[in-house]
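The block underneath contains the structure these notes are about, expressed in structure tokens.
The values are calculated or read from the model by the stated rules, or taken from the named source; none is laboratory data. Here the structure is a predicted model, which means the values were calculated and not measured. When we count neighbours, we look across all protein chains shown, and the Cβ atoms used for this are built from the backbone with ideal geometry, even at glycine.
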Amino acid sequence: MNDIIPPKDTILYLDIGNSSIKAAYKEDLNWTRPDSFKIRNASELVEWINRHHMDFGMVVIVSVVNDTTQAIVDRLEINKVRVLTVEDIPSDLLDYKTPDTLGIDRFFACYGAVAQTSKPVVVIDAGTACTVDYMSGDFVFRGGVIMPGIGILEKALRDYAPNLPAVLRTIPEEWPGKSTKTSLRWGLYGSFSDSIQGALEKHEERFDGFEIFITGGSAEWLSSILPGEPKVRPMLIFEGIQYFLEDHFK
């Protein structure tokens, strides 16, 4: 990999997900992230980038939505644009049977965590979908779990059982639920927490110890209901992209 990468504080990073697009860039040592843009409003993102095109030497994109990515790239006024794909990842860093279907954001979130701790990690990305992935201390992605995010579960109940009451996003202290609301909270948030803890236990059985990182839109809430002290890193995917570029694009 011999692409010339400009100084990292001139790079605009884009993470194009299933329901939104996130942008971030470094100012000195600090990350700055404009408001997330919904996928349906990708044109607003393009307009924003083009208004600020003199501020960035390069745009680096990771994406799970190819059509949206191409539409954005075609309209950008910045000359240097790089879309990172699974083909950019050395094959010996992917212990995964179907790399062509791997959501590349999963790899970069784990890469960012290992780069910070130099130890094996499990990264929980609590977004539209929730992933619980393991990466060894030598940056080999070992796979994990993809499950519905908590927002999808909440929306499914609203859509298919609209007569059920709205509830607080907390786990009740008493078991079993003694009211419809506490029963719902156990069913939604208790079962969601149990699913993640079950995945963590399976990783523990399969691999040695690891540190837990959480990122994604529901990261703060999820960290409050999980035991222990997981590290919450809102910018983890962007950090992973930056570390990866520094390690592999010289």
State all residues of region 8-19 that are surrounded by 15 or more Cβ atoms within 10 Å (Cβ to Cβ) and either of a type in the set (A, V, I, L, M) or without any contact (Cβ under 8 Å) to a residue 40 or more places away in the chain (or both); if no residue qualifies, say none.
Ile11, Leu12, Leu14, Ile16
Members of region 20-73 found to be over 16 Å from the mean Cα position of the chain (by Cα), part of a strand (DSSP E or B) and loosely packed, with under 14 Cβ neighbours inside 10 Å, listed by number:
Glu27, Asn30, Thr32
Six or more apart or on different chains, Cβ under 6 Å: which pairs go from a residue in region 75-98 that's modelled with pLDDT of 95 or more to one that's assigned to a loop (DSSP other than H, G, I, E, B)? Could you list them?
Val86/Leu102; Leu93/Phe139; Leu93/Val140; Asp95/Val140; Tyr96/Leu102
Is it the case that Asp159 is touching a residue at least 40 places away in the same chain (Cβ under 8 Å), of a type in the set (Asp, Glu) and either in a loop (DSSP other than H, G, I, E, B) or in the same structural domain as Lys231 (by TED's automatic domain parsing) (or both)?
no
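Yes or no, residue by residue, for (1) surrounded by 16 or more Cβ atoms within 10 Å (Cβ to Cβ); (2) on the phi > 0 side of the Ramachandran plot; (3) part of a strand (DSSP E or B):
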| site | (1), (2), (3) |
| --- | --- |
| Val167 | yes, no, no |
| Leu184 | yes, no, no |
| Ser191 | no, no, no |
| Asp194 | no, no, no |
| Glu201 | no, no, no |
| Gly228 | no, yes, no |
| Phe238 | yes, no, no |
| Ile241 | yes, no, no |
| Glu246 | no, no, no |
Within region 85-119, count every residue that is assigned to a loop (DSSP other than H, G, I, E, B), touching an Asp or Glu at 6+ places or on another chain (Cβ under 6 Å) and surrounded by 17 or more Cβ atoms within 10 Å (Cβ to Cβ).
0
Would you check which residues across region 116-163 are polar (S, T, N, Q) and within 21 Å of Ile16 (Cβ to Cβ) and list them?
Thr128, Thr131
Determine whether Gly217 is in contact with a Gly (Cβ under 6 Å, 6 or more places away or on another chain), assigned to a loop (DSSP other than H, G, I, E, B) and within 28 Å of Thr85 (Cβ to Cβ).
yes
